[in-house]
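First comes the structure, then the notes that go with it.
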Amino acid sequence: MKSKNINKILIVDFGSQVTQLIARQVRELGVYCELINFKKFNKFKTFDKNIKGIILSGGPKSTLSKSAPNIKWKLFLNKLPLLGICYGHQLISNICGGKTKYSNKKEFGSAILIEKKKSKLTEGFFTNKKNTVWMSHSDSVMIKPKNFNVIASSKNSKFAILENKGKKIFTTQFHPEVFHTNNGKKLFSNFLFKICKIKKNWTEKYKLQKLIKEIRDNVGPNQKVMCALSGGVDSSVLAHLLHKAIKKNLICVYVDTGLMRQGETKEVINIFKKKFKNSFTAVNAQKNFLNKLKNISDPEKKRKIIGKTFIKIFEKFTKNKKNITFLAQGTLYPDLIESKSFSGSPTSIIKSHHNVGGLPKNMKFKLIEPFKEMFKDEVRKLGNLLKVNNFLINRHPFPGPGLAIRIPGPIDKKKVEILQKADKIFIDELKKRKLYEKIWQAFAVLLPVKSVGVMGDARTYEFVCALRAVTSQDGMTANYYYFKHSDLSEISNKIVNEVPGINRVVYDTTSKPPGTIEWE
Ligand code: XMP
């Protein structure tokens, strides 16, 4: 699959947390796209004829700030259809002669859009001239550029969709790429097929072929790849993908950090010993991790220590082995975007995922991260194509730092054991009630708080356990799961009665945003 020669949509990234959701929308519509940061875009000297349209993303900066990212777009202007989203909307408006200003009327979250004029972009997007969309902005376009029509307005954004029909420029103040914008996909579909007139050219099968080819091109015949295999969804699919691409040059290493869920190490070893035989090794590093994490409370420190410890273990493992040049990780796009900028654009850092921001700078391995532009549900689809065991594909996500980031405050073996027991009961109860599949991720958290209770007429003073269960599509946004009260109280009761060390259970009702899924 030569992606260089196929028609594509270019997405210019200004550092929004949700830029990849644009790429995902385009991919889901069956069209190949590439995402590049605005600095790289500005260096283009020639016009690539395979580009059929350009989308400008949102971003955290204000177009009014001196350091605001800008684009040189003369090369493409009048040649290609353009869609600007949020920051892209304001930037295009400014470039075309309009004016963006700081506004007291901010819009964050849901907003109602009212249709003002028909447009090719919005065919089938509105119902009775209205639609619910998701906004996230402080500045607003106050003066619209000449020759632009107002296609829609919201209460606080008079110019919520603008269009220059002749030049095929379309801009939206809201984010059509996010799940919470109703009918957002329709808008992308109109842009791709009715405005850019690009044809469908992209499927999961192509994606798989492209990934295999890239791995083969990257790894020489005498080079070996060590795959960090935790047995979670991403690393399991990755190991299967690598196996298909490079067969005997693959070595899978499972590290038992002592921070895994109850019974997990045994399960993973059983499955992968059978599948990969001698290419699979398990390393017991329980003491190592617990020693390094002793008395550490700060979540970012924990994450960095864990990232470094993993790499030290991998380096030690490969010390006397020849030709292990690469370390393969199942890093996903959300891991990257929360840890650092994906494309060098000015994205905010939320937390250092162990496999990204937690890696040491002077690591000796070259990284292979085939899923770094993908979301978990896309990886699951690839897993299905690769015929990965259903149990592995459909498990709830589990973070690399494991239970260390589910025990706020300092960690010790005793706390880990208490949490493992509570977590096991929670998950078993969800499975028993057929709720496990309905929930995207569920787990228990052991809080660094003790509370007073009474059991059998005696006073208790034990830890509080928080339960977290969320629904999500991709882990970028999430809602807490609405349990029936009877389910919650029965699960809570079972944990308090059966787990020594816990005498109180609470349920976390925070969505993402403003919370994150994990507590640390
Ligand atoms: P947050 O807490 O950032 O989590 O809303 C989003 C998803 O990412 C998982 N997560 C991680 N996965 N290494 C991983 O492999 C990490 O350091 C890490 N931190 C969070 C989290 O479990 C959720 O599914």
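General remarks:
- Accessible surface of the chain [probe 1.4 Å, protein heavy atoms]: carbon and sulfur percent: 51
- One decimal place: the segment D217-N479 gains 90.3 nm when fully extended, by the rule 0.36 nm per residue minus the C-alpha distance.
- Between amide H atoms placed 1.01 Å from N, distances below 5 Å from V505 occur with C465, all of them 5 or more places distant or on a separate chain.
- Length available on full extension from K130 to R433: 0.36 nm per residue minus the Cα-Cα distance, which gives 105.1 nm.
- Rounded to 10°, Cα long-axis angle of helix 19-28 versus longest principal axis of the chain: 80
- Relative contact order of the chain: 11 percent, from C-alpha pairs under 8 Å at least 6 residues apart in sequence.
- The chain: angle of helix 264-276 to the longest principal axis, Cα-based, in degrees nearest 10: 70
- Dipole of the chain computed with +1 at Lys/Arg Cβ and -1 at Asp/Glu Cβ about the Cα centre; of S339, L75, S511, farthest Cα towards the positive end is L75.
- Distance (nanometres) between label positions extended 7 Å along Cα→Cβ at E300 and K79: 4.2
- Compared with the dominant principal axis of the Cα atoms in the chain, helix 233-246 is inclined by about 80°.
- Only Cα sites of the stretch 375-430 enter the Debye sum here, all with the same form factor; the resulting log10 I(q)/I(0) across q = 0.13, 0.24, 0.25, 0.28 1/Å is -0.48, -0.96, -0.99, -1.09, listed in q order.
- If you wrap the chain in the convex hull of its Cα atoms and look at it from every side, the mean projected area works out to 26.5 nm².
- Based on alpha-carbon atoms, the Kirkwood radius and the radius of gyration of the stretch 412-507 give Rg/Rh equal to 0.99.
- For the stretch 204-393, size of Cβ-based charge dipole, Lys and Arg +1, Asp and Glu -1, in debye: 760
- Taking the DSSP beta bridges with both ends in the chain, the antiparallel portion is around 50 percent.
- When only the Cβ of Lys, Arg, Asp and Glu is charged (+1, +1, -1, -1), the dipole of the stretch 2-91 relative to its Cα centre reaches about 420 debye.
- Shown here: the stretch 1-66, whose C-alpha atoms stretch 41, 29, 16 Å along the first, second and third principal axes, sorted largest to smallest.
- Whole-Hz couplings from phi, Karplus 6.51/-1.76/1.60, listed for the stretch 285-294; x for Gly and Pro: 10, 4, 5, 3, 5, 5, 4, 5, 8, 4
- Student exercise, the chain dipole from Lys, Arg, Asp, Glu Cβ charges, in Debye to nearest 20: 2200
- The HN-Hα couplings worked out from phi for the stretch 124-131 by the Karplus form 6.51 cos²θ - 1.76 cosθ + 1.60 (θ = phi - 60°) are x, 8, 9, 10, 6, 6, 10, 7 Hz, whole numbers, x standing for Gly and Pro.
- Semi-axes of the equivalent ellipsoid of the stretch 87-163 are 19, 16, 9 Å, computed as sqrt(5λ) over the eigenvalues of the C-alpha gyration tensor in descending order.
- Taking 0.36 nm per residue of separation and subtracting the current Cα-Cα distance, fully stretching the chain between I271 and K117 would add 49.6 nm.
- For the stretch 204-393: rounded, prolate or oblate by the Cα gyration tensor [a/c cutoff 1.5]: rounded
- Probe 1.4 Å, accessible area per residue of the chain, Å²: 46
The values are calculated or read from the model by the stated rules, or taken from the named source; none is laboratory data. Note that the structure is a prediction, hence the values are computed from the model and not measured. Neighbour counts run over all protein chains shown; Cβ positions are idealised from the backbone, glycine included. Ligands, DNA and RNA are stripped out before the accessible areas are found, and what is left, the full protein with its side chains, is counted by its heavy atoms. Shrake-Rupley method; radii C 1.70, N 1.55, O 1.52, S 1.80 Å.
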